[in-house]
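Trainee: Before I ask anything, here is the structure I am working with.
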Amino acid sequence: MALNPEEILEGLDAEQREAVTAIRGPVCVIAGAGTGKTRVITHRIAYAVASGVADPSKTLALTFTARAAGEMRARLRQLGVPNASARTFHSAALRQLMFFWPHSLGGQFPRLLTTKAPLLAASINATDTYLTQGAQTLRDISSEIEWAKSMEIAPHFYVEEATAASRMLMMPNGKSNKENLSEIAKVYEQYEATKKQERVIDFEDVLLLTVGMMEEDRAVRERVRDQYRYFTVDEYQDVSPLQQRLLNLWLGNREEICVVGDSAQTIYSFAGASSSFLLSFTKRFPQSKVVRLSRGYRSTPEIIRAANKVLRQASVQQDSGHHELVSMNESGEQFTLTPYSSTYEEARAVAERIDSLYNSDHNLEIAILARTNSQLDIFENELAKRGIPSQVKNSDRFFDRVDVRDAMKVVRQASVLPSDDWYRDLESVLTPFGKADYVQAFLTLARDLKANGTSTLRQFLRELEDRAEQNNPPTLPGIVLATLHAAKGLEWDHVFLVGINDGTLPLSTIRGAAEVEEERRLFYVGLTRAKKQVHLSHVGTPSPFLAAI
């Protein structure tokens with residue numbers, strides 16, 4: 001049931017209310033970590049719909065992860081706006097590309113690659129190169145190709161542009177950086193040729209092809225612009241030049257756009273993201289309204305003070321008008337900072353501390369965050385020794401698991417039956433699956449949805465199917481282990497930031513002031529993931545970033 005405008009505004013603070021009621025674009029919202037960004041985005045859309053300004057079916061909210069898009073859709077449904085679209089850039093572009101492909105481009109839609117690795121390995125084989133097919137090398141090449149395509153750089157311009165952008169590749173082959181860039185250019189060119197030969201496309205192609213289709217086909221351009229008239233862009237500091245070009249095509253010469261971001265959380269420059277679009281928004285739209293959210297509702301004052309001190313070392317305030325956060329929560333524990341003589345000692349002590357926390361309260365949300373994936377293995381092993389459940393946050397597709405598909409099939413069969421208590425029925429049909437992590441994740445999600453108004457098993461199934469389509473899995477039980485990049489947008493009660501060493505954060509391969517500042521922002525993001533307490537640790541020489549706190 002749709003809410004009236006005044007109901008939508010209930011519970012918002014003055015800054016949030018100002019943003020939510022600014023329903024005619026252009027609008028720029030500078031939203032600090034934990035200031036209620038998603039709440040503002042969804043309430044603003046709902047308020048615009050309830051006020052008659054926006055048609056929900058012509059509304060598109062864009063973000064960068066399937067999880068964030070799924071959360072937006074769930075909140076919009078709770079606000080009585082179930083038919084507003086919330087998608088990632090790639091998801092929105094893919095739907096349009098598939099729909100218009102027969103009319104605009106003709107023929108059968110090509111196969112979409114979910115990983116570049118096999119085709120990159122084949123391209124290396126077909127190329128006269130010294131590059132190997134090792135997992136790390138394939139990841140490095142993949143990252144470079146993704147950066148190049150996001151920046152709209154063709155293979156024959158790659159070396160020149162990568163050199164100008166100071167792209168540094170520290171491959172264990174004894175070759176110079178320029179030599180490695182030249183070899184990657186060869187593989188990049190072969191990779192593009194192989195894709196064309198095998199009639200497959202990657203995720204960057206989805207954006208490139210959608211841009212090309214809209215630029216060249218006026219009929220497609222007009223139909224898309226008629227379909228979507230009211231835009232919101234989340235995490236706007238992370239858009240790439242290619243994504244901005246597509247956004248410009250979607251928007252046309254209209255101004256019904258609200259962008260939400262925080263340049264203090266720009267941590268994907270290496271992948272082509274640029275906060276310049278956020279910082280120059282008011283130049284492009286001189287009449288835009290700017291709202292700043294600085295009241296932090298996630299973290300304690302102790303955590304916020306530490307995070308603010310880290311940012312004071314940087315130049316971000318002068319660049320963006322970023323305001324320091326003010327915690328709206330009660331005081332809590334001070335952060336801890338512990339030096340260790342070895343990584344093993346650090347992992348053992350962290351696991352022991354988590355064991356104590358976890359045994360005192362199994363409902364505590366706890367994460368171990370590190371700069372790189374390779375740092376996490378020893379912590380996962382130490383948790384396993386103590387029988388503490390954990391999950392490594394990675395790109396594995398949860399809904400592709402056979403056991404998950406079997407469980408969903410059972411839920412689908414049960415959803416057609418009459419029920420007096422759908423949650424009890426769900427528990428019953430999932431009982432044969434035991435205490436598997438995915439069952440616990442389903443039940444936790446179901447409890448949350450029931451508390452927020454979901455009234456039938458069919459509605460719960462619809463949420464699962466929506467998440468499966470978007471690859472947005474429910475939260476699995478246990479301690480989360482993740483890189484600082486993967487932790488963006490998430491939060492936990494206790495956060496253990498481990499390996500905060502000189503040479504690790506910032507990485508020893510980092511060159512130049514801009515890259516150091518990005519590493520500092522990464523540390524800031526890690527700190528602001530915590531709600532109750534941050535536990536910092538390092539081995540050997542501490543990170544220079546720790547000096548601020």
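Trainee: So which chymotrypsin sites (Phe, Trp or Tyr not before Pro) in region 271-300 end up in coil per DSSP with only 16 or fewer other C-beta atoms within 10 Å? Please list the in-between numbers first.
Mentor: On the way: sites: Phe277, Phe281, Tyr297; in loops: Tyr297.
For chymotrypsin sites (Phe, Trp or Tyr not before Pro) across region 271-300 that sit outside H, G, I, E and B with at most 16 neighbouring Cβ atoms in 10 Å, the list reads Tyr297.
Trainee: Computed from these coordinates, which is volume of the Cα convex hull per residue in Å³: (i) 178; (ii) 169; (iii) 139?
Mentor: Structure-derived value, by its label: (ii).
Trainee: Considering only the chain, what is the antiparallel percent among its DSSP beta bridges, to the nearest 5?
Mentor: Details: 2 of 48 bridges.
DSSP beta bridges in the chain are roughly 5 percent antiparallel.
Trainee: Once you've got the Cα coordinates, tell me which of Lys58/Lys283; Lys116/Lys175; Lys149/Lys409; Lys175/Lys393; Lys385/Lys409 are over 30 Å apart. Kindly include the intermediate steps, with their values, before the conclusion.
Mentor: Values: Lys58/Lys283 27 Å; Lys116/Lys175 24 Å; Lys149/Lys409 39 Å; Lys175/Lys393 33 Å; Lys385/Lys409 34 Å.
As for pairs spanning more than 30 Å Cα to Cα, those are Lys149/Lys409; Lys175/Lys393; Lys385/Lys409.
Trainee: Give a residue-ordered list of calculated ³J(HN,Hα) values for region 269-284 (Karplus: 6.51 cos²θ - 1.76 cosθ + 1.60, θ = phi - 60°; whole Hz; x for Gly, Pro).
Mentor: Per residue, the Karplus-derived 3J(HN,Hα) values read 4, 4, 9, x, 5, 9, 6, 4, 5, 5, 5, 9, 4, 6, 6, 6 Hz.
Trainee: Given a 1.4 angstrom probe, what's the average accessible area per residue across the chain, in square angstrom?
Mentor: Values: 24520 Å² over 549 residues.
Per residue, the chain has an accessible area of 45 Å².
Trainee: Taking the dipole about the Cα centre of region 146-296, with the C-beta of Lys and Arg at +1 and of Asp and Glu at -1, give me whichever of Ser269, Asn253, Ile153 is farthest to the positive side.
Mentor: Farthest towards the positive end: Asn253.
Trainee: Looking at region 1-94, which GluC sites (Glu not before Pro) are DSSP coil and have at most 10 other C-beta atoms within 10 Å of their C-beta?
Mentor: Details: sites: Glu6, Glu7, Glu10, Glu15, Glu18, Glu71; in loops: Glu10.
When the GluC sites (Glu not before Pro) of region 1-94 are filtered for loop state and at most 10 Cβ neighbours within 10 Å, Glu10 remain.
Trainee: Given Cα pairs under 8 Å that are at least 6 residues apart, what percent is the relative contact order of the chain? Walk me through the intermediate numbers first.
Mentor: Details: 868 pairs, mean separation 98.9, N = 549.
Across the chain, relative contact order equals 18 percent.
Trainee: May I ask you to give the percent of accessible area on region 1-103 that is carbon plus sulfur, with a probe radius of 1.4 Å? Intermediate values should be presented prior to the final figure.
Mentor: Values: 2040 of 3820 Å².
Result for region 1-103: 53 percent of the exposed heavy-atom area is carbon or sulfur.
Trainee: Let me ask you something else. Using a 1.4 angstrom probe on heavy atoms only, work out the carbon and sulfur share of the accessible area of region 450-549 in %.
Mentor: Values: 1730 of 3450 Å².
C and S fraction of accessible area: 50 percent.
The values are calculated or read from the model by the stated rules, or taken from the named source; none is laboratory data. Quick caveat: nothing in here was measured; it's all calculated off a predicted structure. Note that we place each Cβ from the backbone using ideal geometry, even for glycine, and neighbour counts take in every protein chain shown. In case anyone asks, the SASA skips ligands and DNA or RNA and just uses the protein heavy atoms, side chains included. Shrake-Rupley method; radii C 1.70, N 1.55, O 1.52, S 1.80 Å.
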